[in-house]
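The values are calculated or read from the model by the stated rules, or taken from the named source; none is laboratory data. Computed from a prediction, not measured in an experiment: that's the story for all the values here. All Cβ positions, even for glycine, are placed from backbone atoms using ideal geometry, and neighbour counts span all protein chains on display. For the accessible areas, the whole protein counts, side chains as well, though only heavy atoms, and no ligand, DNA or RNA atoms are used. Shrake-Rupley method; radii C 1.70, N 1.55, O 1.52, S 1.80 Å.
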Amino acid sequence: MNLPANATLHYRTRFILRPAANTTIDWGDVVREIRFWIGNRVERNDAYNRGSWLFTGGQWAPPGGQGTLVETRRFIGSGTESSPQFWALCLTHSCGQFPQSRRWQTSIGIALQDDGSLEFAISNHHWIIPGFIGEEPDAPPSSAPGIVLKLLDVYSACLGTTLLSTTPRQLDIGGGATFRDQLADANRQCPIVLIRASRITERPVLNPGELARLLAGIAVVYDAPARELNEELEWMIPEAYRCTHGMARVYMPGLRLDALHDYRRHRFFLDRDVDSIGQNVVRDLIVEALARRFTASALHSVGSIADIEQLERRAEIDRVIQQARESGQDSEFVEYCNNEVKRLEADVERMQLELEEANERADQSETTIRTEEFLRRDAEQRAASAEADTNRLTDVLQLIADHGLPVESIGDAIGVIETLFPDRIAFTDDARRSADRAEFNSLRREIPQVVRMLWHLATTMHDLLYRDGTESGRIVDLFRERSGGFEMTMTEGSMTNRDASASAARRVDFNGGRVDITPHLKLGPVQNKWLRVYFGKAANSNGQPILVVGHCGDHLDTAGTRRRRR
């Protein structure tokens, strides 16, 4: 049965089934696995279970029809009767969930390779029955057919140079170099999905086991929960292509780590994206994009009965041409016919490629629309949250102005911010002492600015570092823009970094760990007075990401200031 014009591609892949060492794959065993898979979906009879039609070619419909038809075709070619070079199957049936409105068609092709392995191709489509009147069911989420899961469990299956699996692989500390080599492999045809743990819950941002089964046959899934992998992967992989803690990323084939402008093709999702729109939506976006966009191909493969029919036509044409040559017919006319056939075949192949590319562009546009829609909703939510934060800050400052609340020093400002954001920011005892000693305290009219700066540290900076996954090189500019002009720096000079005393002053103890507080915010000069707020990233007692302020007063010593005092 030909597919109707309104059919939608649900899943498509092609991979190689390889025998174990010193063994061969029995073509008949693979076909029997397919028969068993179909038999679990339809009402069978003796003709189905015992007939040779499945192997040699024919049709079968279940008792009573039920809208189901199974058709097979083979082309012996360079194979044998018991193991033909090419074989294909087409299964058409009503939808089990919506039998009155939706139909499905699955096409399978098997091609015998020179080394004894088998190339397995499968695609399935669904469509609404012509003439159906009523509310159409939602499109089903893409997923791997059961026969793919079965074959991957029974045989060794490869897509290009990648070994396929129905379960996620663990990326552990020390595996960064091997993982990088896989990403950069020029012969890789298989997408790779890397899932990291959430920065807040420390659980994977997506379910690796579920995603591995849904993407079986078309991608491999890596689970990399360890936070310690960040440094290893930062060393191995350029920043534009990293997948840090709190992310999930899809690495498409053809990745070049030295091509820094190609990173947009390898989509990533932050834990805040997943929290915003839900795990199921992000999961379906990834699965749908990959399941409907398989591009790897082979020169001598079949994927459907139509491909078998084309092979038969070509074989018949070759037979007629050969017979004409042997009978002494006009050789020029025979050669002309042969060239014309080749030209038409090339035209057909070109048009098929153009059609596939057009379908792929349409699929990409559809997925892009869905992706942009959820990003738009997320941006709206973030804008609303930012507006709420701004209103909240304005209310607090107005309350201070109206009622004369005792916020007259940097220490008072610290108390306000700690009270408002206990789960976002913490101040060490040294920070409080430095605040009490700071010369900036004499500038009473500037204390509201201190409140604003600490407010943006607890909100804007916290989001940049933990929620937005911002590249380190952009943090300074984005913070200045979003905070209304507050300045900051992420580093110190090289001489200060080499100065043991100055470097030690920028390390503080917090919650059983050591925190680097080199990044700092700047306020001043005002009347020749400055305020510096030194902070770092850490986790609180509940494991939640938090900012730790280790100094909130006059500028810490640098190598230059210490040398001048001498």
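To keep it simple, each residue is scored yes or no on (1) crowded, with 18+ Cβ neighbours inside 10 Å; (2) not in a helix (DSSP H, G or I).
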{"position": "449", "(1), (2)": "no, no"}
{"position": "458", "(1), (2)": "yes, no"}
{"position": "461", "(1), (2)": "yes, no"}
{"position": "466", "(1), (2)": "yes, no"}
{"position": "492", "(1), (2)": "yes, yes"}
{"position": "495", "(1), (2)": "no, no"}
In the list 233, 229, 214, which residue meets the criterion of being closer than 30 Å to residue 120 by Cα and not β-branched (Val, Ile, Thr)? 214
May I ask you to list pairs of residues, at least six apart or on different chains, whose Cβ atoms are under 7 Å apart, with the first in the stretch 309-320 being within 17 Å of residue 85 (Cα to Cα) and the second being open to solvent by 60 Å² or more (accessible area, probe 1.4 Å) and not in a helix (DSSP H, G or I)? none
Go through 445, 432 for me and flag whichever is closer than 20 Å to residue 522 by Cα, of a type outside the set (Ser, Thr, Tyr), at pLDDT 90 or above and out of contact with any Phe, Trp or Tyr (no Cβ under 9 Å at 6 or more places or on another chain). 432
Kindly indicate the residue of the stretch 513-564 that is modelled with pLDDT of 90 or more, assigned to a loop (DSSP other than H, G, I, E, B) and not charged (D, E, K, R) and also surrounded by the most Cβ atoms within 10 Å (Cβ to Cβ) among those meeting that condition. 517
Going through the stretch 227-258 one residue at a time, which ones are part of a loop (DSSP other than H, G, I, E, B), of a type in the set (Gly, Ala, Ser) and either at pLDDT 90 or above or open to solvent by 30 Å² or more (accessible area, probe 1.4 Å) (or both)? 254
Exactly one of (1) touching a Cys at 6+ places or on another chain (Cβ under 6 Å); (2) in a loop (DSSP other than H, G, I, E, B); (3) not small (Gly, Ala, Ser) is unmet by residue 16. Its number? (2)
Residue 454 passes all but one of the listed conditions (1) surrounded by fewer than 20 Cβ atoms within 10 Å (Cβ to Cβ); (2) in a helix (DSSP H, G or I); the exception is number (1)
Six or more apart or on different chains, Cβ atoms under 9 Å: show the pairs whose first residue is in the stretch 179-195 and free of Cβ contacts under 8 Å to residues at least 40 places away in the same chain and assigned to a loop (DSSP other than H, G, I, E, B) and whose second is surrounded by fewer than 16 Cβ atoms within 10 Å (Cβ to Cβ) and of a type in the set (Val, Ile, Thr). 185/161; 187/161
I'm trying to understand the selection: among the residues of the stretch 153-178, which are farther than 30 Å from residue 237 by Cα and either hydrophobic (A, V, I, L, M, F, W, C) or in a loop (DSSP other than H, G, I, E, B) (or both)? 154, 155
So residue 218, is it in contact with a Leu (Cβ under 8 Å, 6 or more places away or on another chain), touching a residue at least 60 places away in the same chain (Cβ under 8 Å), farther than 16 Å from residue 179 by Cβ and not in a helix (DSSP H, G or I): yes
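Each row is one residue, and each column tells you yes or no for (1) of a type outside the set (Val, Ile, Thr); (2) over 33 Å from the mean Cα position of the chain (by Cα).
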{"site": "4", "(1), (2)": "yes, no"}
{"site": "49", "(1), (2)": "yes, yes"}
{"site": "52", "(1), (2)": "yes, yes"}
{"site": "70", "(1), (2)": "no, yes"}
{"site": "75", "(1), (2)": "yes, yes"}
Whichever residue in the stretch 19-34 is farther than 25 Å from residue 309 by Cα and either free of Cβ contacts under 8 Å to residues at least 60 places away in the same chain or in contact with a helix residue (DSSP H, G or I) (Cβ under 7 Å, 6 or more places away or on another chain) (or both) and, among such residues, is least open to solvent (accessible area, probe 1.4 Å): 23
Filter result (part of a loop (DSSP other than H, G, I, E, B), at pLDDT 85 or above and touching a helix residue (DSSP H, G or I) at 6+ places or on another chain (Cβ under 7 Å)) within the stretch 127-152: 143, 144
Does the stretch 271-289 contain any residue that is surrounded by fewer than 19 Cβ atoms within 10 Å (Cβ to Cβ), among the polar types (S, T, N, Q), at pLDDT 85 or above and over 11 Å from the mean Cα position of the chain (by Cα)? yes
Flag if residue 168 is free of Cβ contacts under 8 Å to residues at least 60 places away in the same chain, over 21 Å from residue 89 (Cβ atoms) and crowded, with 22+ Cβ neighbours inside 10 Å: yes
